[in-house]
Amino acid sequence: LSLLKENEEYWINPVVTRGSAWWDVMEPFPPSVHVYTKLIKFERYAQYYKTGSHIVTPSTRHVPPQCIDAKAKTYSRLQMVLAELEAKQVDPNCYTLMLDLDGNITELTGGNFFIVKNGTLLTPGPKNILLGISRETVFELAKELSIPYMERDIQPFEVYNCDEAFQTTTSYCVLPVSRFNTRR
């Protein structure tokens with residue numbers, strides 16, 4: 001018996017805590033595991049398959065991997081919350097794309113980013129991003145279709161002048177990008 005309605009899907013999200021923090025040593029609590037579910041609202045993304053999404057790069061920068069490794073998927077990402085708040089002032093419906101300290105594209109606050117230039121897929125290298133499953137699927141498909149791809153630093157100038165751009169994540173898979181920092 002399924003409790004899901006037709007065309008419904010849910011996130012199943014495990015959360016693991018480490019337990020006591022240094023400031024509450026007097027009242028320790030054990031590590032814990034929580035699992036929660038959340039309906040994936042596909043209708044939220046549907047419009048972007050027709051119009052493309054809007055990407056905004058805020059001035060808030062991605063924390064360097066020398067400080068916190070981006071491959072650790074944590075909820076302790078204050079810089080991403082601040083970046084989101086800043087980007088949403090430009091466009092409340094935008095997606096936020098972080099830059100590193102050198103001004104290179106890193107990742108969206110909830111996904112990965114690609115551009116296409118002269119038939120080649122370009123995406124930031126693994127140094128300062130969370131390696132997404134959808135990102136890896138794009139590589140697999142590119143390989144199957146003999147589409148060249150490269151991981152390297154990408155500057156905003158290249159995004160303004162690319163042939164195409166898209167973003168990936170588990171919930172919406174692949175979304176086309178039609179605007180970058182308010183420019184088509």
What does region 44-147 give for Rg and for Dmax, in Å, if only its C-alpha atoms count? 14.4, 40
Heavy-atom SASA rank of T74, T51, T57 (probe 1.4 Å, accessible area, largest first): T51, T74, T57
According to the square roots a ≥ b ≥ c of the eigenvalues of the Cα gyration tensor, what is the shape class of region 101-184, taking rounded for a/c under 1.5, prolate for a/b larger than b/c otherwise, and oblate for the remainder? rounded
If r is the Cβ-Cβ distance from N161 to R18 and R0 is 41 Å, what FRET efficiency results, to the nearest 0.05? 0.35
Computed Rg/Rh of region 139-184, alpha carbon atoms with Kirkwood Rh: 0.99
With Cα atoms, 0 to 90° folded angle of helix 133-144 axis to the chain main axis: 30 degrees
With label points built 7 Å along Cα→Cβ from the Cα atoms of K5 and T74, find their separation and express it in nm. 3.8 nm
What's the extension gain from E144 to E86 if we count 0.36 nm per residue and subtract their Cα-Cα distance? 17.0 nm
With a 1.4 Å probe and every protein chain left in place, work out the accessible area per residue of the chain in Å², rounded to a whole number. 65 Å²
Would you calculate the separation in nanometres between label points at K41 and S134, each defined as 7 Å from the Cα along the Cα-to-beta-carbon direction? 1.6 nm
Using only the alpha-carbon atoms, how far is helix 78-90 inclined from the longest principal axis of the chain? Give it as 0 to 90 degrees, nearest 10. 50 degrees
Report, in listed order, any pair from K73/K127; K38/K73; K5/K50; K50/K73; K88/K117 with a Cα-Cα distance greater than 20 Å. K5/K50; K50/K73; K88/K117
Given the DSSP H assignment, sum -39500 (n - 2.57) over each helix run of at least 4 residues in the chain and divide by its residue total; what's the result at 222 nm in deg cm²/dmol, nearest 500? -6000 deg cm²/dmol
Using a 1.4 Å probe on the protein chains only, how many percent of the accessible area of the chain belongs to carbon and sulfur? 58 percent
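The values are calculated or read from the model by the stated rules, or taken from the named source; none is laboratory data. Predicted, not measured: the structure shown is a model, and the values here were computed from it. All Cβ positions, even for glycine, are placed from backbone atoms using ideal geometry, and neighbour counts span all protein chains on display. Note: accessible area is taken over every heavy atom of the protein model, side chains too, but ligands, DNA and RNA are not part of it. Shrake-Rupley method; radii C 1.70, N 1.55, O 1.52, S 1.80 Å.
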